[in-house]
Amino acid sequence: MRKIALITSGGDAPGMNACVRAVVKTAKSHNIEVIGIEDGYQGMIEGRGREMTYNDVNNIIQLGGTILGTARSEEFRTPEGRQKAIANLKKWQVDGLVVIGGDGSFAGAQTLSREIDLPIIGVPGTIDNDIFGTDHTIGYDTALNTVVSAVDKIRDTASSHHRIFFVEVMGRDAGFIALNSGIASGADDVLIPEEWTDIDALVNTIKESSKGRRSSIIIVSEGDDAGGAKEIMTKVKPFLDGYDLRCSILGHIQRGGSPSVLDRILATRMGYEAVNCLIRGESGYMIGAKGEEMVKISLERSIKEHAKPTPDKLEMMHRLKTR
Ligand code: F6P
């Protein structure tokens with residue numbers, strides 16, 4: 001192993017830079033060169049890679065986003081696009097590839113590995129926490145903290161004005177951000193894609209929980225089956241005469257910001273382990289963290305299976321509703 005390539009791909013996540021730093025520094029400690037590719041698979045297609053130096057990764061552990069840039073490349077989905085990417089990987093003469101991203105990025109890695117004989121290791125980086133095989137993904141903890149601090153602020157105005165707020169959070173297919181920010185902010189209800197949303201029950205919860213104070217916080221995952229915060233608000237409005245309803249969509253604010261301590265440490269452990277895997281000659285795995293232990297699962301499994309909130313936690317969330 002003399003040279004490896006590194007990309008960040010898909011939605012950016014706080015902590016990706018900490019991981020880039022760990023990959024570069026660990027590789028260099030073994031005299032392995034790192035080619036940092038800009039903008040994920042798109043930069044791979046366009047040949048935008050350069051050798052990473054210690055200077056490149058100095059003072060980046062605290063930065064949100066990704067210094068390498070990222071993209072959701074449509075061209076990489078085509079055989080022609082991938083052939084261009086493969087030609088560049090061969091030109092750079094790399095002996096391995098580290099992909100930091102979500103399941104879409106891993107699916108790209110999996111397809112690539114069928115077309116080029118190159119060891120590939122995935123590192124889960126997404127605020128959604130929807131990757132199977134790890135307790136947490138890089139960026140999730142920071143995003144959760146961002147959401148909780150936003151909801152705390154919204155609660156101030158909700159209670160001052162006696163309003164019901166529907167706060168929409170990210171998570172296209174997964175309710176982790178909604179569920180856990182809801183638990184941490186003491187929300188009155190949480191609507192997530194993993195559960196069917198009962199509008200009548202929601203109306204009842206709002207009526208019960210706002211008794212005496214006439215304010216409530218409902219967290220809505222953007223992927224909820226009944227719609228986003230705006231749609232849910234429209235659906236319950238006819239049944240809540242006299243209530244002052246508002247909606248707030250947190251959006252991309254959730255993806256930015258300096259990574260939390262937990263994300264910095266997780267990202268560093270994962271980046272370090274990714275390089276160790278390549279050195280050991282392993283390929284086709286995603287690095288995960290289960291408690292204090294580093295684990296690896298096949299990329300194939302990490303793509304096929306999806307992390308889901310545990311039934312215990314869902315039950316707890318339901319029990320904590322005002323009835
Ligand atoms: O995958 C992370 C994520 O932030 C999702 O929660 C969200 O649905 C999506 O990315 C938004 O993607 P984009 O920024 O490309 O619109």
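If the condition is being part of a helix (DSSP H, G or I) and touching an Asp or Glu at 6+ places or on another chain (Cβ under 7 Å), then segment 188-203 contributes only LEU202. Of all residues in segment 273-295, those satisfying the criterion of being in contact with a helix residue (DSSP H, G or I) (Cβ under 8 Å, 6 or more places away or on another chain) and closer than 19 Å to ILE4 by Cα are ALA274, VAL275, ASN276, SER283, GLY284, TYR285, MET286, ILE287.
Of all the numbered requirements in (1) assigned to a loop (DSSP other than H, G, I, E, B); (2) assigned by TED's automatic domain parsing to the domain that holds PRO124, ASP241 misses one, and that requirement is (2).
Looking for something in the same structural domain as ASN276 (by TED's automatic domain parsing) and part of a helix (DSSP H, G or I) - is there at least one such residue anywhere in segment 114-129?
yes
Does ILE183 meet the test of being touching a strand residue (DSSP E or B) at 6+ places or on another chain (Cβ under 6 Å) and more than 16 Å from the ligand (Cβ to nearest atom)? No: the conditions fail for ILE183.
Working carefully through the options GLY10, GLY64, find the one that is under 22 Å from SER283 (Cα atoms), within 16 Å of the ligand (Cβ to nearest atom) and in contact with a Ser or Thr (Cβ under 6 Å, 6 or more places away or on another chain). Walk me through it before giving the result.
On the way: GLY64 fails: under 22 Å from SER283 (Cα atoms).
On inspection, the qualifying residue turns out to be GLY10.
The residues of segment 193-230 that are on the phi < 0 side of the Ramachandran plot and within 16 Å of the ligand (Cβ to nearest atom), listed by number, are PRO193, GLU194, ILE219, VAL220, SER221, GLU222, GLY223, ASP224, ASP225, GLY228, ALA229, LYS230. If the condition is being among the hydroxyl-bearing types (Ser, Thr, Tyr) and under 30 Å from THR205 (Cα atoms), then segment 276-323 contributes THR310, THR322.
Among the conditions (1) of a type in the set (D, E, K, R); (2) buried (at least 24 other Cβ atoms within 10 Å of the Cβ); (3) outside any loop (DSSP other than H, G, I, E, B), the only one that LYS90 does not satisfy is (2).
Residues THR111, THR146, THR142: which one is surrounded by fewer than 19 Cβ atoms within 10 Å (Cβ to Cβ), within 24 Å of the chain's Cα centre (by Cα) and part of a helix (DSSP H, G or I)? Walk me through it before giving the result.
Working: THR146 fails: surrounded by fewer than 19 Cβ atoms within 10 Å (Cβ to Cβ); THR142 fails: surrounded by fewer than 19 Cβ atoms within 10 Å (Cβ to Cβ).
Going through THR111, THR146, THR142 in turn, the sole match is THR111.
Picking from residues in segment 212-236 that are part of a loop (DSSP other than H, G, I, E, B) and either under 29 Å from the mean Cα position of the chain (by Cα) or farther than 12 Å from ILE164 by Cβ (or both), the one that is modelled with the lowest pLDDT is GLY212. Residues considered: VAL34, VAL99. Of these, the only one that is surrounded by 20 or more Cβ atoms within 10 Å (Cβ to Cβ) and farther than 27 Å from GLY251 by Cα is VAL34.
What residue, among those in segment 236-259 that are out of contact with any Gly (no Cβ under 8 Å at 6 or more places or on another chain) and of a type in the set (Ser, Thr, Tyr), is farthest from GLY11 (Cα to Cα)?
Narrowing segment 236-259 to residues out of contact with any Gly (no Cβ under 8 Å at 6 or more places or on another chain): 236-248, 250-254.
Imposing the further condition that a residue be of a type in the set (Ser, Thr, Tyr) reduces the set to 243, 248.
Values: TYR243: 37, SER248: 22 Å.
Here the answer is TYR243.
When ILE287, ILE265, ILE249 are checked against the criterion of being under 18 Å from the mean Cα position of the chain (by Cα), among the aliphatic types (A, V, I, L, M), outside the structural domain of ILE60 (by TED's automatic domain parsing) and closer than 30 Å to GLY108 by Cβ, ILE249 stands alone in meeting it.
The values are calculated or read from the model by the stated rules, or taken from the named source; none is laboratory data. Note that this is a predicted model, so its numbers are computed, not measured. FYI the Cβ positions are ideal-geometry reconstructions off the backbone, even for glycines, and counts take in every protein chain you see.
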